[in-house]
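First the structure, in the form of structure tokens, and then the observations on it.
Read the figures in this text as sums done on the coordinates, not as results from a lab. These figures come from a predicted structure and were not determined experimentally. Neighbour counts run over all protein chains shown; Cβ positions are idealised from the backbone, glycine included.
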Amino acid sequence: MKSEQKSPSSLTIKLRAVRMILTDVDGVMTDGRIIYGSDGIEYKCFNVHDGYGISRALSKGLLMGIISGRISKVTAIRAKRLKIAEVYQGNEEKITVYKKIKAKYRLIDSEFCYIGDDEFDIPLLRKVGISAAPSDAIESVRREVDYVTKSAGGHGALRELIDAILKAKKLI
């Protein structure tokens, strides 16, 4: 007797197509809090699980990029340590940056995944092949996306998304 093979869901098909993951920072890679010391220095907390997920994604051949509305030295340091080559800060109008990245790598919309958490992320979330949001993203964003993580921003949401992509591609 032949075993029936389950056909992949539309979400799995979208996840398999991803070649580049783009992410917001505040509210995705962090919990959204920005801490300033009395010396005026900015501090952010990044999750080590997200960092390992990014390293693993890169080692499996996926491309990674950051598009953030804010400019932060801390973000630049984290991106450099994780070897994320595409880092764009101070860009609330994220579509322009996305088009630049898309042309540079000669990719199509369906090959991109973007994870964001706030209203200014919605235009880009609507363009990419698969859109995602952390569980604590604002409601209007959660309603827009293909995938809402179980984890909150800064608490492994990016890692969860990366793992879903790698599993769909059968790379883990």
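Taking the residues in the range 134-172 that are among the aliphatic types (A, V, I, L, M) and under 18 Å from S10 (Cβ atoms) as candidates, determine which candidate is nearest to the chain's Cα centre (by Cα). Result: L161. Selection of the range 31-84 for residues being in contact with a helix residue (DSSP H, G or I) (Cβ under 7 Å, 6 or more places away or on another chain) and of a type in the set (G, A, S) yields G53, A57, G65, S68, G69.
Considering the range 118-134, the residues that are touching a strand residue (DSSP E or B) at 6+ places or on another chain (Cβ under 6 Å) and part of a loop (DSSP other than H, G, I, E, B) include one that is farthest from L166 (Cα to Cα), namely V128. Once the range 94-125 is narrowed to residues that are surrounded by fewer than 20 Cβ atoms within 10 Å (Cβ to Cβ), over 17 Å from L63 (Cβ atoms) and in contact (Cβ under 8 Å) with a residue 24 or more places away in the chain, the residue that is nearest to the chain's Cα centre (by Cα) is D118. Filtered by the rule that a residue be more than 16 Å from T149 (Cα to Cα) and charged (D, E, K, R), the range 103-120 gives K104, R106, D109, E111, E119.
Restricting attention to the range 63-90, the residues that are surrounded by fewer than 17 Cβ atoms within 10 Å (Cβ to Cβ), in a loop (DSSP other than H, G, I, E, B) and not basic (K, R) total 3.
Take the conditions of a type outside the set (S, T, N, Q), more than 14 Å from the chain's Cα centre (by Cα) and surrounded by 17 or more Cβ atoms within 10 Å (Cβ to Cβ) and apply them to V128. Does it pass? No. Total residues in the range 105-117 satisfying the condition of being in a loop (DSSP other than H, G, I, E, B) and of a type in the set (F, W, Y): the figure is 0. Scanning the range 9-43 for residues that are in contact with a strand residue (DSSP E or B) (Cβ under 7 Å, 6 or more places away or on another chain), more than 20 Å from L124 (Cα to Cα) and not acidic (D, E) returns I34, I35, Y36, G37, Y43.
Per this entry, R143 is counted among residues that are part of a helix (DSSP H, G or I) and farther than 21 Å from L62 by Cβ. Applying the criterion of being touching a residue at least 40 places away in the same chain (Cβ under 8 Å), assigned to a loop (DSSP other than H, G, I, E, B) and in contact with a Leu (Cβ under 9 Å, 6 or more places away or on another chain) to the residues of the range 149-171, the residue that is surrounded by the fewest Cβ atoms within 10 Å (Cβ to Cβ) is L171. Hey, any hits in the range 21-44 for a residue that's surrounded by fewer than 17 Cβ atoms within 10 Å (Cβ to Cβ), over 18 Å from A137 (Cβ atoms), in contact (Cβ under 8 Å) with a residue 24 or more places away in the chain and in contact with a Leu (Cβ under 9 Å, 6 or more places away or on another chain)? No, every residue in the range 21-44 fails to be surrounded by fewer than 17 Cβ atoms within 10 Å (Cβ to Cβ), over 18 Å from A137 (Cβ atoms), in contact (Cβ under 8 Å) with a residue 24 or more places away in the chain and in contact with a Leu (Cβ under 9 Å, 6 or more places away or on another chain).
Among the residues making up the range 50-60, those that are in contact (Cβ under 8 Å) with a residue 40 or more places away in the chain and surrounded by fewer than 17 Cβ atoms within 10 Å (Cβ to Cβ) are Y52, R56, K60.
Among the residues examined, K102 qualifies as in contact with an Asp or Glu (Cβ under 8 Å, 6 or more places away or on another chain), of a type in the set (D, E, K, R) and not in a strand (DSSP E or B).
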